[in-house]
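Notes to accompany the following structure.
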Amino acid sequence: MVVNPPRLTQSRAGRADKLAKRLLYLNGFAILAVVFFHAAGMGFVAMFTWTHRYAVEAMTPEMWVGTPTYYILRLVEQIIVFAIPAFLFITGYSVAMMTGRNQATVSWKLVFSRIKTLVIPYLLWSAVMIVLRLVEDPRVALTEILSWVLTGSSNEVLYFVPLLTQFYLLSPWLVRWARRDWKSLLMLTVFLQLLVQLLAYPELLGWNLPIARDISQFVPKWLFLARIFWFPFGIICGLHPVEFKRIVSPHKAKLVTAAIMLIPINFIEWEIYYKIAGQTWLSHRETILDSLYTFALILSVLMLNGQSLPLSNWISELGAKSYGIYLTHSLAIVYLARLIYHFLPGLLGYPLLLQPILIVAGLFIPLGMMAVVDRSRLRRFYNYLYG
């Protein structure tokens, strides 16, 4: 995601300012999607893992499968798979916009400035999450803690920061390449992204191919290869906006149609994988159809020239605060869910009622914390806490 996104408006005034508003809106839309995604995830935990806290003996977790509640949460998950790729695309685009027209590539000074803004809050919140995990299990080895920090494994969402840091470190070479020959960069990243995603299909389809499984383990979600396409694609679009617009503009209606149609298609695709696996739950990974949906959605938003965007001001404000929300929303959702588990277990049996409670907590607890810091004597520490 873009840290301090308003900086995007400082260059290439007219065109950049209009585009920055759409990027900021997309950034806010993506962080809202992240909160919805993890709230839905806790809904599935309530349905399939915490059933014993509210169900009668005759009820099993599998009884949730095929219910309207199950399908609604699955649909929510499907709609919001675009979030992480969108963050990477936006950040790549912003790197391109912050590279001067006469510069061969982005400066290392800018790269390290952006990494510093990412890493300091990341380390602070990682420390908080590590302490919370050590309270639950103090027998964790020091090497494992170090691994948590380096890979973002102290929490299910923090992997994104090491991932984005890697792309920032690669950005001087990517920008130079995109300036000289953007088509070859685009083709290579498309090929690599497809290759990485194809490695997941044997497992999804129930094929026993140890080689594919072993290779896929070398591409964890925190490694840049896992989402190799989106950041360079953002750089390419940002460096060649005229050509980008010329190619994409004639297809605006098709992109919107594709984004809408791919939602039910992708939903059915994943239901097929669940049936093949014979499981109620599979760890999420992006399929090729998911990526096509994300591609169509991102370009559809960027091509909205002059159209009023729903809840534009509020969602753009979320976009400006996206990093702080991202770092802390999971804590709010998970620990509120745990409180409900212990003190109001009956509520877990109503996942759709649970959703708005978790979403509000995941969004407004971080926003409230940020507002308190910003309006108090702690304000000088705001950037260290939230970027």
Exercise for the section: Using a Förster distance of 56 angstrom, determine the FRET efficiency expected from the C-beta separation of Ile72 and Ala104, and round it to 0.05. Expected result: 0.65
Problem - Extension reserve of the Leu353-Asp374 stretch, reckoned as 0.36 nm per residue once the Cα distance is removed - result: 4.3 nm
Problem - Shape call, segment 231-387: gyration tensor on alpha carbons, a/c limit 1.5 - result: oblate
Problem - Estimated FRET transfer efficiency (Leu192, Leu134; beta-carbon r; R0 45 Å; 0.05) - result: 0.75
Exercise for the section: List the equivalent ellipsoid semi-axes of the chain in whole Å, largest first, each obtained as the square root of 5λ for an eigenvalue λ of the Cα gyration tensor. Expected result: 33, 26, 22
Practice task
Report the full-extension gain for the segment Phe343 to Gln166: residue separation times 0.36 nm, less the Cα-Cα distance, to one decimal in nm.
Solution key: 59.5 nm
Completion exercise
Number of Lys pairs in the chain closer than 22 Å at Cα, excluding neighbours under 8 places apart unless interchain, is 11
Handout entry: Magnitude of the charge dipole, the chain, Cβ model with Lys/Arg +1 and Asp/Glu -1, debye to 20
Key = 1820
Problem - Taking only Cα atoms of segment 16-154, radius of gyration then Dmax in Å - result: 20.9, 70
Handout entry: Efficiency of FRET between Glu62 and Trp207 - r from beta-carbon atoms, R0 35 angstrom, step 0.05
Key = 0.90
Exercise for the section: Identify the residues of segment 27-45 with backbone N under 13 Å of a label point that sits 7 angstrom from the Cα of Leu311 along the Cα-to-Cβ direction, or state none. Expected result: 28-37
Problem - Ranked Met369, Met261, Met129, criterion: other C-beta atoms within 10 Å, fewest first - result: Met261, Met369, Met129
Exercise for the section: Starting with the fewest neighbours, write out Ser154, Ser312 ranked by other beta-carbon atoms found within 10 Å of each beta-carbon. Expected result: Ser312, Ser154
Completion exercise
Rounded to the nearest whole number, the Stokes-Einstein translational diffusion coefficient of segment 328-387 at 25 °C and 0.890 mPa s (Kirkwood radius, C-alpha pairs) in µm²/s is 193
Problem - Potential extension, Phe267-Glu144 segment - 0.36 nm per residue separation minus Cα distance - result: 40.7 nm
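Only the coordinates and a few stated rules stand behind these numbers; no lab work does. This is a predicted model, so every value here is computed, not measured. Using ideal geometry, Cβ is built from the backbone for each residue, glycine included, and neighbour counts are taken over all protein chains shown.
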